[in-house]
1. Give the calculated FRET efficiency between Asn160 and Asp140 to the nearest 0.05, with a Förster radius of 30 Å applied to their Cβ-Cβ distance.
2. What's the long-distance tail for segment 61-174, i.e. % of Cα pairs beyond 18 Å?
3. With a cut-off of at most 10 other beta carbons within 10 Å, and DSSP calling the residue loop, which chymotrypsin sites (Phe, Trp or Tyr not before Pro) in segment 37-142 qualify? Please list them.
4. Provide the gained length on full extension for the span Val71 to Ser115, in nm with one decimal, where the gain is 0.36 nm per separating residue minus the Cα-Cα distance.
5. Going by a ≥ b ≥ c, the root eigenvalues of the Cα gyration tensor, does segment 55-106 fall in the rounded group (a/c under 1.5), the prolate group (a/b larger than b/c) or the oblate group?
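No value in this document is a laboratory result; all are computed from the given coordinates. The shown structure was predicted, so the numbers you read here are calculated from the model rather than taken from an experiment. Virtual Cβ from ideal backbone geometry, glycine too; neighbours counted across all protein chains shown.
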Amino acid sequence: MKKRVIRVVIVVCLVALGMVGWVGYQLFTTGFSAKTEPHRLEVLMARQIRHLAVPIAQRNAPNPVPLTPAVLKDARAHFADHCAICHANDGSGRTPIGKNVYPKAPDLREADTQSMSDGELFWAIHNGIRFTAMPAWGDDEPEKDMDSWKLVHFIRHLPNLTPEELDEMKGLNPKTRHEMEEEAEYDKFLEGDDTVGQADGHHH
């Protein structure tokens, strides 16, 4: 019996060393470039570690915020203002930032995210995820962070997002400096300032 346990321990250690060696080889050949795609084994390991990192009590915690149209609207606005810059309004992750971080921002509509429990989604939003671009958004104690629980409802809704909701979110996305300057110029033009755009050759 004792010999069998020793053999199992040796096998586990060899597998662990092999995996560490493989990761080291990957880093040696690809460096720390964010452009490379994570290997399937790396993705699997990361998901398992993420799953195990969430305490069981939090993993199984039910969403304390009742789902209502008002809650969903509030979460939709919050997502458009805070999350869409990386995840896109539709949750696809197809944004300049989302496509160029390592690992790339996941498609929140797919099973890998939708199969997570409410508690796991809340934990990821509230605490962030190390070694990724996912920041921790929870400023308060978890028991007081109702905004993150509302976002869990919105993430569940992403696969059923309507064109009307997407249009609404576009108006709630943060504006770039260029967009704000263009709006300011347009407002001046409407107020009768004929000099707007003349310096740089713009015409209205």
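1. Working: r = 29 Å, r/R0 = 0.98.
That pair, Asn160 with Asp140, gives E of 0.55.
2. On the way: 3037 of 6441 pairs.
In whole percent, the long-distance tail amounts to 47.
3. The qualifying sites are Phe131.
4. Gain on extension, Val71 to Ser115, equals 13.7 nm.
5. oblate
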